[in-house]
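Peer 1: The structure follows.
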Amino acid sequence: MKTILFRLLLIVGVFSFGTAAVRAEDLGAVKTRMTQRLAELDQFKEKGAIGENNRGLVELRDASPAAGDIVAAENRDRETVYAAIAQQQRVSVETVSRARAKQIASGSAAGVWIQSESGEWSKKK
């Protein structure tokens, strides 16, 4: 529950920035898609099928085709959001994604696979 609340608050915060490069209705659609897939993402994380990498993206931990589809969709939307934030803040997308990875790791539930800055994977305790 804490993770879901954290993510919803983050999504709302991210979309409050807005940018000229990504139209408001595009960001609105991204927000809707991300919110709709939250529960499914959390289920895959609980099963250990996916984890959060050190670039702020979700990554497959097993070869589940269903998990692969949701990972691809989520990462496309996250990259859109990161690009919008980077442009608005006048920083690189990598800076935004690395910072977001730290936030995600911090807010993730125990048992979720997390990739450290050095690239090592472990389950959050």
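Peer 1: Evaluate the following for Trp113: is it crowded, with 19+ Cβ neighbours inside 10 Å and hydrophobic (A, V, I, L, M, F, W, C)?
Peer 2: In short, yes.
Peer 1: Would you call Ala83 in a helix (DSSP H, G or I) and either in contact with a Leu (Cβ under 6 Å, 6 or more places away or on another chain) or on the phi < 0 side of the Ramachandran plot (or both)? Give the steps one after another, and end with the answer.
Peer 2: Numbers: in a helix (DSSP H, G or I): yes; either in contact with a Leu (Cβ under 6 Å, 6 or more places away or on another chain) or on the phi < 0 side of the Ramachandran plot (or both): yes.
Yes.
Peer 1: Let me ask something else about it. Among the numbered criteria (1) within 19 Å of Arg37 (Cα to Cα); (2) crowded, with 20+ Cβ neighbours inside 10 Å; (3) among the hydroxyl-bearing types (Ser, Thr, Tyr), which one does Ser97 miss?
Peer 2: Here Ser97 meets the rest and fails (1).
Peer 1: Within segment 58-69, track down each residue that is surrounded by 16 or more Cβ atoms within 10 Å (Cβ to Cβ) and either modelled with pLDDT under 95 or in contact with a Lys or Arg (Cβ under 6 Å, 6 or more places away or on another chain) (or both).
Peer 2: If the condition is that a residue be surrounded by 16 or more Cβ atoms within 10 Å (Cβ to Cβ) and either modelled with pLDDT under 95 or in contact with a Lys or Arg (Cβ under 6 Å, 6 or more places away or on another chain) (or both), then Arg61, Ala67 are the ones that fit.
Peer 1: State all residues of segment 79-98 that are free of Cβ contacts under 8 Å to residues at least 24 places away in the same chain and either touching a strand residue (DSSP E or B) at 6+ places or on another chain (Cβ under 7 Å) or within 15 Å of Glu52 (Cα to Cα) (or both); if no residue qualifies, say none.
Peer 2: Once the filter is applied, which keeps residues that are free of Cβ contacts under 8 Å to residues at least 24 places away in the same chain and either touching a strand residue (DSSP E or B) at 6+ places or on another chain (Cβ under 7 Å) or within 15 Å of Glu52 (Cα to Cα) (or both), segment 79-98 yields only Glu79.
Peer 1: Let me ask something else about it. What's the total number of residues in segment 57-69 that are in a helix (DSSP H, G or I) and touching a residue at least 40 places away in the same chain (Cβ under 8 Å)?
Peer 2: Looking only at that region, the number is 0.
Peer 1: Based on this model, can you work out whether Val30 counts as in a helix (DSSP H, G or I), modelled with pLDDT under 85, surrounded by 18 or more Cβ atoms within 10 Å (Cβ to Cβ) and aliphatic (A, V, I, L, M)?
Peer 2: no
Peer 1: So, one more: Among the residues of segment 100-125 satisfying the criterion of being of a type in the set (D, E, K, R) and within 18 Å of Leu38 (Cβ to Cβ), which is farthest from the chain's Cα centre (by Cα)?
Peer 2: By that ranking, first place goes to Lys124.
A quick yes/no check of all residues on (1) at pLDDT 95 or above; (2) part of a strand (DSSP E or B):
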site	(1), (2)
Phe6	no, no
Leu9	no, no
Ser16	no, no
Arg37	yes, no
Gly51	yes, yes
Arg55	yes, no
Val71	yes, no
Val96	yes, no
Ala109	yes, no
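Peer 1: Would you mind telling me which numbered condition in (1) within 20 Å of Ser122 (Cβ to Cβ); (2) of a type in the set (Asp, Glu); (3) touching a Ser or Thr at 6+ places or on another chain (Cβ under 8 Å) Glu59 fails?
Peer 2: (3)
The values are calculated or read from the model by the stated rules, or taken from the named source; none is laboratory data. Small disclaimer: the values here were computed from a predicted structure and weren't measured. No Cβ is skipped: glycine too gets one built from the backbone with ideal geometry, and neighbour counts run over all protein chains shown.
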